[in-house]
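Engineer: Provided herewith is a single structure, encoded as structure tokens, for subsequent inquiry.
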Amino acid sequence: MDKMKQLVRDVKQLEAKLLVCTRCGVCQASCPLFAQTRKEADVSRGKLALINGLIDGMFDDAKGVNKRLQRCLLCGSCTHGCPSSVNVLEIFLFARTIISKYLGLPFGQKLLLKKLLANPGAFNTVMGMAASFQSLFFKTQDNVQGTSCARIASPLLRHRNIVPLEEKAFHMQLEKLDFRKSGKGVKVAFFVGCLIDKALPNIAFSVVDCLQHFNARIFIPSDQGCCGIPALASGDMATFEILVKKHVDLFSSDKFDYLVTACATCSSTIIKLWPALLKDKYADTNKDLLKKIEALSEKTVDISWLLAKRFDLTSAISDNDEKKPVVTVHDPCHLKKSLDVFQEPRNVVQAAGHEIVEMKDSDVCCGMGGSFNLKHYELSSKIGLKKAKNIVDTKASIVATSCPACMMQLSDMLAKLDADVAVVHPVELYAKALK
């Protein structure tokens, strides 16, 4: 069969979902990318029309459609505000996988995803080597964000303020954690996530400290990897499936009450995307695996949600007259818009003894978008700098957010402004207050 005809046939699977869109244009008001470019092809309605164009044979430029589909933050703002409840995120991700299968992945991307990301052991080894040698390429900056900048003026790195890798990732320090006295309370499995494991391990230690304080039993399986969203966003469904299956096996080896993450994107991916993107494929071929995926999805919660809903936060903090820094809160798109979690992180921050000053547009996307930041850094920065200025305007000393990718973006943008505002995770503030 002609490859283009095969592509059209595969994309046609999305036709029923595409028909839900009434082309009302409400998505224009919520899309952070459209706010910058004012281009119809950059908003959901325009992208959905392009996918329809492939189905209807209006054009045969699959590369052009793919290029436009890749210009998306995958923040879910359009879905969140859609009056017709069009699941734009799922449509885009499915479309990317279909078109990527037709076009093939670039060699470098294929190597990264299929040889490294799909193999957590190899990925950990390579990232460990990168952490050891990063000082040759990056130099530490004197700022509260703790970022580094490139020693060499490369096109990719010259304007970036980068959160460096830790020399010892969290998974390398697991053996020093003693869970034997974790108590007899609720049992919690911990999905660490790549960025926290390798760049922000203090978040992981803070999660453990908080759970131990509340007498929780903790289960952290070794050999964890990525939740799969980078592969999925690139259109690599095969690597996504490999990672899902691996983690289903890891976490199904023990019983627990909750699967907790400290990463908004990991939470959203496990809760929403794992079952949604695999249910049709496994409904008939592997019902047992699908049942396990759905069971993990139902148990998965954000750490702030768990702390605020399951435990008495106020009982942990002693009364004192210490004046703590004022905090403002950035709501990650994948936490508020996808999972409707936004008050709980604020509860955690306030229970840690901090006053909160709300910023303007606290739930507007910071512009990170994972690979979007790598491919479209100028646009990502324009969106991010607007967020950073809103943070600075609050006069807060700290901005707290529940997504490590957002933390990296905010650190970069605040460093650009020479702003004296630290970027932390809510659970870090709470864990510090416990001490």
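Taken together, the values in this text are just the output of simple stated rules run on the coordinates, not laboratory data. The model shown is predicted, which means the values in this text are computed figures rather than measured ones. Heads up, the Cβs are rebuilt from the backbone with ideal geometry, glycines too, and the neighbour counts pull from every protein chain shown.
Engineer: Between VAL126 and SER371, take the C-beta separation as r, use R0 = 22 Å, and let me know the FRET efficiency to the nearest 0.05.
Structural biologist: Calculated value: 0.75.
Engineer: All other residues with a Cβ under 14 Å from the Cβ of GLY369 taken together, and with Lys, Arg as +1 and Asp, Glu as -1, what is their net charge?
Structural biologist: +3
Engineer: Another question about this same structure. If you line up the Cα atoms of region 313-434 on their principal axes, what length do they span on each, largest first, in Å?
Structural biologist: If we take the Cα atoms of region 313-434, the spans are 48, 32, 21 Å.
Engineer: Taking every pair of alpha-carbon atoms in region 3-103, give the share separated by more than 15 Å as a whole percent.
Structural biologist: 57
Engineer: Checking the cross-link filter: which aspartates and glutamates have an alpha carbon closer than 12 Å to that of LYS198, excluding same-chain neighbours under 8 positions apart?
Structural biologist: Qualifying aspartates and glutamates at Cα under 12 Å: GLU166, GLU167.
Engineer: Anyone know which of LYS416, LYS324, LYS187 comes out most mobile in the 10 Å Cα GNM of the chain?
Structural biologist: Answer for the Gaussian network model of the chain: LYS324.
Engineer: May I ask you to give the average projected area over all directions of the convex hull of the Cα atoms of the chain, in nm² rounded to one decimal?
Structural biologist: 21.3
Engineer: If you don't mind, another one. Using a Gaussian network model of the chain with C-alpha springs under 10 Å, which one of ALA16, ALA95, ALA262 is most mobile by mean-square fluctuation?
Structural biologist: Looking only at ALA16, ALA95, ALA262, the largest GNM fluctuation is found for ALA16.
Engineer: Which residue, ILE98, ILE303, ILE391, tops the fluctuation ranking in a GNM of the chain built on C-alpha contacts under 10 Å?
Structural biologist: Residue with maximal mean-square fluctuation among ILE98, ILE303, ILE391: ILE98.
Engineer: Ok, one more. State the number of lysine pairs found in region 3-103 whose Cα atoms come within less than 12 Å, restricting to pairs 8 or more positions apart or on distinct chains.
Structural biologist: So the count works out to 4.
Engineer: Under 19 Å from a point 7 Å along the Cα-to-Cβ line of LYS323: which residues of region 396-426 have their amide N that close?
Structural biologist: Residues 396-399, 420-422 fall inside that zone.
Engineer: Is it possible to state the helix-based mean residue ellipticity at 222 nm for the chain, with each DSSP H run of 4+ residues giving -39500 (n - 2.57), the sum divided by total residues, to the nearest 500 deg cm²/dmol? What is it?
Structural biologist: Rounded to the nearest 500, the figure is -14500 deg cm²/dmol.
Engineer: Figure the gain on full extension for LYS101 and LYS432 (residue separation times 0.36 nm, minus the Cα-Cα span) and round it to one decimal in nm.
Structural biologist: 114.5 nm
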